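Take a look at the structure below.
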Amino acid sequence: MQYRCTICGYVYDDAKESVPFAELPDTWQCPWCGAPKSSFEPIEEAPVKDIVSEVAPVAEPITAPTELDPDMQKLSAGQMAAFCSNLARGCEKQYMPKEQELFNELAKYFAKHAPKVEDATVESVSVQLQQDLDDYKSVMQTAQDHGDRGALRVCTWGEKVTRILSMLVNKYQKEGDAMLQDTDIWVCTVCGFVFIGKTAPELCPVCKVPAWKFNKIDGRR
């Protein structure tokens, strides 16, 4: 029997391991991403579909509507800061230093004007992460309907990263600061995957970039 990690795709094969998956303790974690045993699911006989490669691009480009969607909302200063920061990172990947600098300046401006979040609790973060996971289903379906392979790839990475974040937050709620004692926090600068450990993983389990793409996050003093 084989079991796949729903976060990073690692496969635990009973035929190749000395201990069957069912006999592993509940404290066992995925060797790639650190996800708990509960994040694994048995692999069915049918092969796993790669929805990104299967979706064919649309014949005609999708044009922006002439009228704004009534469901669209104005972004807050904090959201704009995150948005510009991500665009700056994208410019870095495309070797556009001037544009990167400008987006970073915008990100700092919006961050400076973002109001303090009064309900910034671990509990509220946990609720928001779960809401994001629920929303990914409809977003991915929309991307499939429009043949947008790029959006599907982003959603695939984003859902995995959000799922691991949700798992880490839930674990922190149970263990508290003891969870972070004598260890470090690493963040993949490409996809946002978060890893708790003394050293960064050799390969990001989500986007497959090497360890040097990880940044070590220092706690507040």
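The values are calculated or read from the model by the stated rules, or taken from the named source; none is laboratory data. Since the model is a prediction, treat every value here as computed from it, not as a measurement. All Cβ positions, even for glycine, are placed from backbone atoms using ideal geometry, and neighbour counts span all protein chains on display.
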Quick check on my filter: what residues within the range 78-107 are loosely packed, with under 14 Cβ neighbours inside 10 Å and charged (D, E, K, R)?
Lys93, Lys98, Glu101, Glu105
Qualifying positions in the range 108-124 - closer than 25 Å to Ser166 by Cβ and surrounded by 13 or more Cβ atoms within 10 Å (Cβ to Cβ)
Ala111, Ala114
Taking the range 112-131 and keeping only residues that are assigned to a helix (DSSP H, G or I) and either in contact with a Leu (Cβ under 9 Å, 6 or more places away or on another chain) or modelled with pLDDT under 90 (or both), one is left with Val125, Leu129
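So that you can scan it fast, the table gives a plain yes or no per residue for (1) of a type in the set (Asp, Glu); (2) farther than 14 Å from Lys160 by Cα; (3) at pLDDT 95 or above:
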residue: Cys5; (1), (2), (3): no, no, no
residue: Cys8; (1), (2), (3): no, no, no
residue: Val11; (1), (2), (3): no, yes, no
residue: Ala15; (1), (2), (3): no, yes, no
residue: Asp26; (1), (2), (3): yes, yes, no
residue: Pro31; (1), (2), (3): no, yes, no
residue: Ala35; (1), (2), (3): no, no, no
residue: Lys49; (1), (2), (3): no, yes, no
Close pairs from the range 173-188: first within 27 Å of Leu203 (Cβ to Cβ), partner part of a helix (DSSP H, G or I) and of a type in the set (Lys, Arg), Cβ under 8 Å, at least 6 apart:
Met179/Lys171; Cys188/Lys213
Which ones in the range 17-38 are part of a loop (DSSP other than H, G, I, E, B) and closer than 28 Å to Val209 by Cβ?
Glu17, Trp28, Cys30, Pro31, Trp32, Cys33, Gly34, Ala35
Can you tell me which residue in the range 144-170 is surrounded by the fewest Cβ atoms within 10 Å (Cβ to Cβ), limited to those that are touching a residue at least 40 places away in the same chain (Cβ under 8 Å), among the charged types (D, E, K, R) and within 19 Å of Cys30 (Cα to Cα)?
Arg163
Out of everything in the range 69-85 that is within 19 Å of Glu105 (Cβ to Cβ) and assigned to a loop (DSSP other than H, G, I, E, B), what residue ends up being modelled with the lowest pLDDT?
Leu75
Determine, yes or no, whether Met140 is among the hydrophobic types (A, V, I, L, M, F, W, C) and surrounded by fewer than 17 Cβ atoms within 10 Å (Cβ to Cβ).
no
